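Heads up: the structure comes next, in structure tokens.
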Amino acid sequence: MGHRFAELAFTPLVKEEQKKHGSRHLYERMERSSNAGDRLGTYESAFIQQRDGFYMATISETGWPYIQFRGGPKGFSSHTG
């Protein structure tokens, strides 16, 4: 997990909760990491290449989840003849 994830996930309120529960120092170290964490690695790419679908989940501004299935050919590549 890289610091790009931390930029999205660790809002000021989340950081306050981390402090309250004694885990903030662990996440601060991750935020200082040189690993941006914004690219898939070899393992993740190989995993995806073997799949024919996935679930994508987001949440709206009002807090409601939106989950959708996306699928197609294995590895999500287009097969043309």
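Look at (1) modelled with pLDDT under 85; (2) exposed (fewer than 10 other Cβ atoms within 10 Å of the Cβ); (3) in a loop (DSSP other than H, G, I, E, B) and you find that L8 fails only one, number (3).
Determine if region 54-68 includes at least one residue that is in contact with a strand residue (DSSP E or B) (Cβ under 8 Å, 6 or more places away or on another chain) and either modelled with pLDDT under 85 or in a loop (DSSP other than H, G, I, E, B) (or both). For region 54-68, residues in contact with a strand residue (DSSP E or B) (Cβ under 8 Å, 6 or more places away or on another chain) and either modelled with pLDDT under 85 or in a loop (DSSP other than H, G, I, E, B) (or both): present. Selection of region 30-53 for residues being assigned to a helix (DSSP H, G or I) and loosely packed, with under 10 Cβ neighbours inside 10 Å yields T42, Y43. Note on region 54-72: residues that are more than 23 Å from K15 (Cβ to Cβ) and either surrounded by 10 or more Cβ atoms within 10 Å (Cβ to Cβ) or of a type in the set (K, R) (or both) amount to 4.
The values are calculated or read from the model by the stated rules, or taken from the named source; none is laboratory data. These figures come from a predicted structure and were not determined experimentally. Glycine gets a Cβ as well: all are built from the backbone with ideal geometry, and neighbour counts include every protein chain shown.
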